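The values are calculated or read from the model by the stated rules, or taken from the named source; none is laboratory data. Quick caveat, the model's predicted, so the values are computed rather than measured. With ideal geometry, Cβ positions are generated from the backbone for all residues, glycine too; neighbour counts draw on all protein chains shown.
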Amino acid sequence: MDKIIIDMPNSDLVQAFEKKFMKDINLKEYQYQVQNSLIDRNENGSLESEADFLAGASVVYSMLNESNKIPPMWIICPMSGRSVVEELGFKKESDGFVTIKIDQEEHEC
């Protein structure tokens, strides 16, 4: 079996990446684009988990060392069982849960 070697980038490379690509991100525009993508996925029926989607989008804030600017709604709504899509004023197409109906019959012993 071949060994897999993972080479972690050195800090100079990471810093060069951040300077080149991350400095130009406008956080307000990014928030707007994320929320529009969330709504679009909901309308298309391809949104499986709002919490997972928003957690992934929040990683960008962490990469920019701007974790304190993550919109509170992105954290509070999923933790309290509310939909961000609905909080933004749109109808949620599905709740992500499967409902199973079980008919019970009475049996005498």
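Brief remarks follow.
- Close pairs (7 angstrom Cβ cut-off, 6 or more residues apart or separate chains): closer than 14 Å to VAL34 by Cβ in region 74-95, assigned to a loop (DSSP other than H, G, I, E, B) and at pLDDT 80 or above anywhere: CYS77/SER83
- For region 20-42, a residue qualifies if it is surrounded by fewer than 13 Cβ atoms within 10 Å (Cβ to Cβ) and at pLDDT 85 or above, and the qualifying residues are LYS28, GLU29, TYR32, GLN33, ASN36, ASP40.
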